[in-house]
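A quick write-up on the structure given underneath.
The values are calculated or read from the model by the stated rules, or taken from the named source; none is laboratory data. Quantities reported herein were computed from a predicted structural model and do not represent experimental measurements. Note that each Cβ is placed from the backbone with ideal geometry, even for glycine, and that neighbours are counted across all protein chains shown.
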Amino acid sequence: MKTSELRRLLAKNGWTVIRNGARHDLFGHTDHPEIQIPVGRHGAQEIPTGTANKILKDAGIK
């Protein structure tokens, strides 16, 4: 999965960027204010499968 695909999937499920960092953005959700998910800003790069699965699990998508 590419970073851009992951970001679209998070946005589709209600996650928004709450803070921009140097290389990563933090995503947050209004229903889960205690959870912040860092996602790299490397649009066309592939995310390792384990990392993508962990992000999706933390977001409650998978």
If you go through 31, 58, the only one that is of a type outside the set (S, T, N, Q), free of Cβ contacts under 8 Å to residues at least 60 places away in the same chain and exposed (fewer than 13 other Cβ atoms within 10 Å of the Cβ) is 31
Tell me, please, whether a residue that is on the phi < 0 side of the Ramachandran plot, among the small types (Gly, Ala, Ser) and in a strand (DSSP E or B) can be found in segment 10-26. no
If I ask for residues that are out of contact with any Lys or Arg (no Cβ under 7 Å at 6 or more places or on another chain), under 21 Å from residue 48 (Cβ atoms) and exposed (fewer than 13 other Cβ atoms within 10 Å of the Cβ), which ones from segment 14-27 would you list? 21, 22
Residue selected from segment 20-62 under the condition more than 17 Å from residue 4 (Cα to Cα) and charged (D, E, K, R), by the criterion modelled with the lowest pLDDT: 62
Small (Gly, Ala, Ser) and either loosely packed, with under 13 Cβ neighbours inside 10 Å or over 11 Å from the mean Cα position of the chain (by Cα) (or both): is that true of residue 52 in this structure? no
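Would you mind stating whether residue 43 is exposed (fewer than 13 other Cβ atoms within 10 Å of the Cβ), in contact (Cβ under 8 Å) with a residue 12 or more places away in the chain and either among the polar types (S, T, N, Q) or not in a helix (DSSP H, G or I) (or both)?
Values: exposed (fewer than 13 other Cβ atoms within 10 Å of the Cβ): yes; in contact (Cβ under 8 Å) with a residue 12 or more places away in the chain: yes; either among the polar types (S, T, N, Q) or not in a helix (DSSP H, G or I) (or both): yes.
The answer is yes for residue 43.
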